[in-house]
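Note sheet for the following structure.
Any read-out appearing in this document is the output of simple, stated calculations on the displayed coordinates, not a laboratory observation. This structure is a prediction, so every number in the text was calculated from the model and none was measured. Don't worry about glycine lacking a Cβ; one is built from the backbone with ideal geometry, like all the others, and counts go over all protein chains shown.
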Amino acid sequence: MINIQKCAVIGCGYVGATCAFSLVQSSLFSELVLIDYDHEKAIGEAMDLNHGLPFVEPMNIYAGSYSDLSDCYLIIIAAGGGQKPNQTRLDLVKQNSAIMKSIVTEIIKFNSDGIILVVSNPVDILTYVAMKASGFPSSRVLGSGTVLDTSRLKYLLGGHLGVDSRSVHAFIIGEHGDSELPVWSSANVSGIDLDGFCCSVDGKCSKQDLDDIYSSVRNSAYEIIKRKGATYYAIGLAVTRIAQCIVKNQHSVLPVSCLVNNHYGLNDVYMGIPAIVGSKGVEKVLDIPLNKEEQQSLEKSAKLLKEIISQLDV
């Protein structure tokens, strides 16, 4: 029987460990199992997290093995090679695809009813690989998608406009990577369309302004990696937000990496698209309005992802 209070994090590198740390602070789960090919690393991370339990809600945190996943509700996969300076996310695909298949093969030996959340990059391709390897319904295999990219967009746009980023409503969609795109046509600030809001703040949203913001979003990971070697804090928070939607059945709309079939004229591709997320995973993929240019950009992003997938053994 699945235990809705149990979560696993597979891969205890920077991203996986930070996800675990954020989840411990969230109090969403009562049991957290950490799995890594380097078991001693997983033990060390569990020890470190356990020493902070007097400051948070009680929780059973331990380093385990795949057999411990038998009753696990949410399985977060953060394993894989990290992105290096001057290396695109797509450069990682062949290496991390093999790792993903090996992990999922172990998962399905013990668990056929949980939800898999992929964080490893390139996330859209690896989520597709995980879905195919697991045989799970696509609704129960999702990726972090462009949730983080969208958060970056909201932060930068909010700063540019001088408003709380939580009042900014806009999406980055498509590949979590270089071909992602902003949906400016439906962006708004608390219901006021972006053009209208910009007029009220002295026209601070020229096309160049928006292009610069988008460029900063798209290049954020590269800039952070160049300075500190890896990105992990913000994605840890993004993963916790997705977990919250699932565990609390919030039916929230997030641009997670999900299977796109018969949406936007696209089929058989995983990418970051706004979807309703709840206790069963992806409940419904949404068709948000796109202008002609945005539709064309999304199609190009999907084509790129499908071309790479076609070269893999999935």
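Using a Förster distance of 41 Å, how high is the FRET efficiency between Gln208 and Lys94, based on the Cβ-Cβ distance and rounded to 0.05?
Computed FRET efficiency for Gln208 and Lys94 comes out at 0.65.
At a Cα cut-off below 18 Å, give the aspartates and glutamates reachable from Lys228, other chains included and same-chain residues fewer than 8 away excluded.
Straight-line reach from Lys228, under 18 Å: no aspartates and glutamates qualify.
Convex hull volume of the Cα atoms in region 180-288, per residue, in Å³?
143
Under a straight-distance cross-link criterion of Cα-Cα below 22 Å, which lysines are reachable from Lys280, leaving out those fewer than 8 residues away in the same chain?
Lys6, Lys109, Lys132, Lys248
Between Ser27 and Ser279, how many nm apart are label points set 7 Å from Cα along the C-beta direction?
2.1
Between Lys228 and Glu57, 0.36 nm times their residue separation minus their Cα-Cα distance comes to what?
Full extension from Lys228 to Glu57 adds 58.4 nm.
Taking only the alpha carbons of the chain, what extent do you get along each of the three principal axes, in Å, biggest first?
The Cα atoms of the chain stretch 57, 46, 37 Å along their principal axes.
At 222 nm, what value in deg cm²/dmol follows for the chain if DSSP H runs of at least 4 each add -39500 (n - 2.57) and the sum is divided by all its residues, to the nearest 500?
Taken over the chain, the calculation gives -13500 deg cm²/dmol.
For a label point 7 Å from the Cα of Gln244 along Cα→C-beta, name the residues of region 48-67 whose backbone N is under 20 Å from it.
55-59
What FRET efficiency, computed as 1/(1 + (r/R0)^6) with R0 = 30 Å and r the Cβ-Cβ distance, is obtained for Asn86 and Asp164, rounded to the nearest 0.05?
So, using R0 = 30 Å, E works out to roughly 0.30.
Using a 10 angstrom cutoff on alpha carbons, build the Gaussian network for the chain and name the most mobile of Ser206, Ser167, Ser97.
Looking only at Ser206, Ser167, Ser97, the biggest GNM fluctuation is shown by Ser206.
Using a 10 angstrom cutoff on alpha carbons, build the Gaussian network for the chain and name the most mobile of Ala79, Ala17, Ala133.
Ala133
Between Cys199 and Asp287, what's the calculated FRET efficiency when r is the beta-carbon distance and R0 is 30 Å? Round to 0.05.
Efficiency at R0 = 30 Å is approximately 0.55.
Could you give the dipole magnitude of region 258-314 about its Cα centre, charging the beta-carbon of Lys and Arg +1 and that of Asp and Glu -1, in debye to the nearest 20?
With Lys and Arg at +1 and Asp and Glu at -1, about 80 debye.
Counting Lys and Arg as +1 and Asp and Glu as -1, each charge on the Cβ, what is the dipole of the chain about the Cα centre in debye, to the nearest 20?
The calculated dipole for the chain is roughly 100 debye.
Return, for the Cα atoms of region 3-143, the radius of gyration and Dmax in Å, separated by a comma.
14.5, 42
Which of Gly236, Gly81, Gly272 ends up with the largest GNM mean-square fluctuation for the chain, with Cα atoms connected below 10 Å?
In this elastic network of the chain, the residue with the biggest mean-square fluctuation among Gly236, Gly81, Gly272 is Gly81.
Projecting each Cα onto the charge dipole of the chain (Lys/Arg +1, Asp/Glu -1 at the beta carbon, about the Cα centre), which of Ile172, Leu53, Gly13 comes out farthest on the positive side?
Farthest towards the positive pole: Gly13.
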